[in-house]
Every structure is written in structure tokens, then in C-alpha cells.
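I have placed the structure first, in the form of C-alpha cells, so that the comments after it can refer back to it.
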Amino acid sequence: MAASWSLSGALKSMFARDTIDADTWSDLEDALISADFGPDITDSVIEELRASVAKYKTDDPTDLKRMLRETLEERLARLDPTLTLSARPAVVLVVGVNGVGKTTTIGKFAKFLVGHGRTVVVGAADTFRAAAVEQLATWAERGGASIVRPQQQGQDPASVAFQTVERAQRDSIDIAIIDTAGRLQTKSGLMDELGKIRRVVEKQTEIAEVLLVLDATTGQNGVAQAEAFIQHAGVTGLVITKLDGSAKAGFVLAVQERTGIPIKLVGQGEGINDLTGFTPHVFVQNLVG
Amino acid sequence: MIMATFGNLTDRLADTFKNLRGKGKLSEADVDRTVREIRRALLDADVALEVVKDFTGRVRERALGHEVSSALNPAQQVVQIVNDELVTILGGEARRIEFAKNPPTVIMLAGLQGAGKTTLAGKLSKWLAADGHTPLLVAADLQRPNAVTQLQVVAEQAGVAVFAPEPGNGKGDPVKVAKQALKFAKDKQHDVVIIDTAGRLGVDAELMKQAANIRKAVDPDEVLFIIDAMIGQDAVKTARAFQEGVDFTGVVLSKLDGDARGGAALSVASITGRPIMFASTGEGLDDFEPFHPDRMASRILDLGDILTLIEQA
Ligand SMILES: Nc1nc2c(ncn2[C@@H]2O[C@H](COP(=O)(O)OP(=O)(O)OP(=O)(O)O)[C@@H](O)[C@H]2O)c(=O)[nH]1
Ligand SMILES: Nc1nc2c(ncn2[C@@H]2O[C@H](COP(=O)(O)OP(=O)(O)OP(=O)(O)O)[C@@H](O)[C@H]2O)c(=O)[nH]1
Ligand SMILES: [Mg+2]
Ligand SMILES: [Mg+2]
């Protein structure tokens, strides 16, 4: 069985040395690349650290480790991770590519909100994927939320979204969370469909949050995903799922910095309670140790 | 923050090669510059770092070596070497499914959560049915909410039979279901059995053991590892974990209809030595084809038309 990989493990050899030398920098580069930071961010982090090391005239690897932790944490903490859910109803649209964990996240999120005394309705606007509606219904039941289903097979997803918001307004439900079908960001027809869902809902009420779900195992394609979904769906927050695996999701730093959209939630398992808010400190601790 | 933007590798290499034109032999510095560009492009394409190091090392060695070709100038030779090496790792000819001498042929699917296993079960069964086979889909993912329903819907869309004796959603034993399925297939004369399993993480020892137990119970002719083309550096750890855990016989690359460069293909093929057999290219059940190593090579490096590049060099 492969042991859980960690950047801290990869960095061990680097910090085992007495002084910072050429090997230290090349080990650091390897470690950042292996955590999916990507070549661009890796270069920029290393450049920054080289400057700090020169400025503080240190050659102690322990200092370098602290600086690494600080710079990553500082860069990740530049944006505000707070969810805005004060509107009534607060409408949350959940989007992303295929199989990243949208429907599962909605189940967990509903449970979390219900646990905090909110009423929740979920809308099954994925009318495409086989058994997507049934899957969401199972999660809604587990999470203590009600559900709005399509009335017929293959119904227009925008009309399901409309009916979900309508239900929330009529029954004074606090929060409406709308599930959408997975779609690759390169499919323009499907991306336009998201725009339509948005416009239809916006006629009823302002959308509180559009959450883009990103899979932690993703590599550099995550940036392209974020850019396209921001353009078509007006994303307001990121959710990183599957952080319970061996992937460390370093690509999210590039996503945050290029798009200015904060990470708001983190998924760490298939159980209904495996969802937390995003804390840069914890994320970096998990990475660097 | 400054984010360097590079053109694709074709452009970058074309630039590098401009300086090399007319030279009889590449200097070490020339080769190093070119290899650096290639390294960068591979990392941008999510090829695993250890594979990149290995690969660029080999390219460098060959480029500096005395492989004399009268037809190509040095720059052209580098491109040729890169392409050859890529295609070699990705596999020359796509391997076909090994059918059992005594039917049914048993194919087990495994992979991370959301990789595309259940969809692939539908695609594979439809493809085999069109070829005169009588496949049976087996619902052995009893964990993910409504995975059984999903497989039933997919089977109906593919027009094939499904064996789903347990409701799932946490109820039923997948090992037992897989075993029963073999008997059912023999009785009903299905010549291929395709077993859908739950998604699992490489680090999940318990679920990996379960997959191994399913494998032990049905002794499959093929175990296909389905991997998402968008995966990053984690491809290595995950592929190793599945190889140790269930020991797959072939790889399927999914979601190749997007714009991910698919460095995972190179990583997994290189790390595990298992052939990539199929490419999954969409959500529809017909979006599926045998894998083409040469197309994948130019996709990973964003090389566009390699022949054009060689002509320009
Ligand atoms: N280990 C782990 N698995 C997860 C997590 N979130 C979701 N999953 C699993 O990932 C798979 C896909 O999840 P879904 O919620 O169906 O993903 P989706 O984005 O709705 O998929 P589509 O609707 O098909 O695009 C399922 O097997 C989930 O159980 C997580 O945080 N950790
Ligand atoms: N665009 C695209 N989507 C795909 C492809 N293969 C599967 N999908 C989609 O990816 C999502 C997940 O596919 P599934 O077949 O449910 O994946 P799985 O591996 O069975 O997932 P779990 O059982 O949850 O582990 C669904 O939305 C599929 O429609 C593909 O080749 N291209
Ligand atoms: Mg879904
Ligand atoms: Mg499945």
C-alpha cells in the first residue's frame, strides 16, 4: 500500500541538511512540482524565497521551511473565504466538470446548514446524467433537505432551477441549492446552458453564491476550468473535494491568484460530515507539515 | 504577480531551433536549452516529475549521442527523438481485449471516484454487443448513492443485460455479487461479464483490499484501470497504489474530450508498464475508441503537427 504522500515527506531531505545549498533549492522545486503547484507558481515561490533568504542572510533550512509556510499561507489567505448566505432565500448554484463531487458536496452542505438550524431545498437540475436525480434525492434525505425534481425526463435544467427557487420563496425555505450536470469547460453549448440557468434564476432573485467544485487530483487543467466557469457562470467561490486522497491540490494557488476567487469549502471524504470551511493554515500545515 | 505565458511547445521549439539551423552538430548547450523547453512543456501537461526526469534524461543522451541521420539536421533529429520516445512509452500498437478461451470473459473496472467507470461499463458493453457479444453488466458498486440505479440506466441505454441483485447505498456485499454474477452469466450464456466497482482512493487500504477480494473471487481476464485525463502529479501515487492493490492489466484514459493535455497517460504507462487500451471521449455511450499513442504524443507536447515542425527545423 502506498503511504500517504506529503510535501513534508518530500521536503525531509531538504531540511535534513545543515545549510541551504543548491540541492536544497532543487529539492524544493521538485516538492512543489510534485504537489501540483505547476511550473509557473513553483518558479515564483522559489524566487520569492530566494529573495527572503538573501534579505535575512540566513543559510538555515529551518528558516527556509518557516518562510515557505508563511509565503504559502499568506498567498492563500489574501482572499476572504466567507460564504454569503444572508439573502432569503439564499440561492446557491453548484457547477463544475464531470465527476468532481458536486452532488456529494450538496448533500454534505445541506446537512451542515440544517445542523445550523437552516431549512434547505435542493434542486435536481442535472436532468442529463443517468440516475443523477435519484442520487441527489438520497443525499437530500440524508441531509434533511427537501428536493425539487424535474417533472419529466430530460426537462430543461433552467426550469428545474426556476421551480426550486419558486419553492423556496413560496415555502419560506432559507436556502436553495441547485445541482447542475457536470460539463467540461470546452463544451460551449453546455457552458451556455449554465448562463441560461443563471439568467432565469436572476429574474427571481439575486444568486447568493455560485460554487465551482474542483477535484484535488486535478493538475494544471484546473486553472482552465476555473477561468471558463467564471466567465460563463459568474463563480463566487471554490470548493476543493477529495482532499482525503494523496493529491495535495497545489494547483488551487494558481487558480486563486489568477482568478481572485476564494476557496470556501473543502471536501474530505464520501461521508455526509466530510465537509469543512477553508483554513489556509490547516491547508498549508497539511502540505508542508 | 507575474505569470509567464508561453506559446505552445511547437512555437517555443521553433524559436530554439532557429539558432540551431545550419549547425552540423548540436552542442551540449544547445541540447540542454532544448531539453529545458521540453521539460517545461511536459510539466505543464501534468506528466509526473519522475517520468519527466527520466524522459528528458534519455532524450538528452540520445541527442548528444552519435545517432547520425543524413536526412535530418540536428534540430529535426531532436524532435524525432522526442516523438519516438513518447510513442514508445505510450505503447506502439494498442492492445485488444484478451477474451477467455472458456467464456465468459470477465472484465473488472477499477479507479478513483468519479473517473468514469460506470459510464465506461456502458460504452464497453455497447461496443462489444455491436461486435456480436452478449455482455452482462454487474452492479458491484454498492456504496456510492444510487450507483446501482445509474448502472441499470446505462445498461438500458446500451441495450444490454444487467445483474443487480443488491440495492446498494451501503447494502450488500460486492464480492458476493461478483461471484454470483459469474454463475448467472454461465446460466444465461453471456459471453462477457463487466464488473462495475465503487470508486476508491489509493490511500484507502480497506477499500483497496475489497477490490483485491473481488479480483480474487472472479479471477478476471482483464482488470481495467480508468484514469481521468485531467489528473495531475497524483497519477503516479494512484497508479502505483492500484497496481499494488488490484494489479490491473490495462488502462483506460477518460474525459479526453476536454482540453487537458493528458500527461497522466505518459505517467501511468511509464510507471506501471501496463498498456493504455482505450480512450473515453465523451458522456455519450459511443464516445469511446481504441487508444492511439501517436495522437496522444503530439497532444501531450502540444506539438501540433510534428511533421511540420520537422520541416521548419
Ligand atoms: N474520497 C472522496 N470522494 C468524494 C468526495 N466528494 C465526492 N466524492 C466521490 O466522487 C464521486 C463523484 O461524486 P459526485 O458527487 O457524483 O460528483 P458530481 O460532480 O456530481 O458528478 P457529475 O454529476 O457526474 O458531474 C462519487 O463516488 C463520490 O462519492 C470527497 O471529498 N472525497
Ligand atoms: N466529458 C466526459 N465525461 C465523462 C467521460 N466519462 C465519464 N464522464 C462523466 O463523468 C462523470 C462520472 O462518471 P461515472 O461513470 O459515474 O464515474 P465513476 O468512475 O463510475 O464514478 P464513481 O462510481 O462515483 O466512482 C459523469 O458525469 C459522466 O457522464 C468522458 O469520457 N468524457
Ligand atoms: Mg452530480
Ligand atoms: Mg460508478
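Quick rundown of the values:
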read-out	value
Tabulated pairs, region A:96-113, first within 10 Å of another protein chain (Cβ to nearest Cβ) and closer than 16 Å to B:Q113 by Cα, second more than 7 Å from ligand 1 (Cβ to nearest atom) and at pLDDT below 95, C-beta under 8 angstrom, 6+ apart or interchain	A:V97/B:G258
Residues of region A:178-196 satisfying the condition of being within 12 Å of ligand 2 (Cβ to nearest atom) and out of contact with any Leu (no Cβ under 8 Å at 6 or more places or on another chain)	A:G182, A:Q185, A:T186, A:K187
Any chance B:V252 is more than 12 Å from every other protein chain (Cβ to nearest Cβ) and within 25 Å of A:G38 (Cβ to Cβ)	no
Only listed residue being open to solvent by 20 Å² or more (accessible area, probe 1.4 Å), outside any helix (DSSP H, G or I) and on the phi < 0 side of the Ramachandran plot, chosen from A:R78, A:R69	A:R78
Criterion: hydroxyl-bearing (S, T, Y), within 16 Å of ligand 3 (Cβ to nearest atom) and under 27 Å from A:L214 (Cβ atoms) - qualifying residue of A:T186, A:T164	A:T164
Failed criterion for A:T119 (all others in (1) within 16 Å of ligand 1 (Cβ to nearest atom); (2) touching an Asp or Glu at 6+ places or on another chain (Cβ under 6 Å) hold)	(1)
Residue in region A:244-261 that is within 16 Å of ligand 2 (Cβ to nearest atom) and within 24 Å of A:T164 (Cβ to Cβ) present	no
A:P89 vs. criteria buried (at least 19 other Cβ atoms within 10 Å of the Cβ) and in contact (Cβ under 8 Å) with a residue 12 or more places away in the chain	yes
Residue within region A:275-285 that is closer than 18 Å to A:D215 by Cβ, within 16 Å of ligand 4 (Cβ to nearest atom) and not assigned by TED's automatic domain parsing to the domain that holds A:L28 present	no
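The values are calculated or read from the model by the stated rules, or taken from the named source; none is laboratory data. Source: prediction; values computed, not measured. Backbone-built Cβ (ideal geometry, glycine too); neighbour counts: all protein chains shown. Quick note on the areas: whole protein, heavy atoms, side chains included, nothing else; ligands and nucleic acids left out. Shrake-Rupley method; radii C 1.70, N 1.55, O 1.52, S 1.80 Å.
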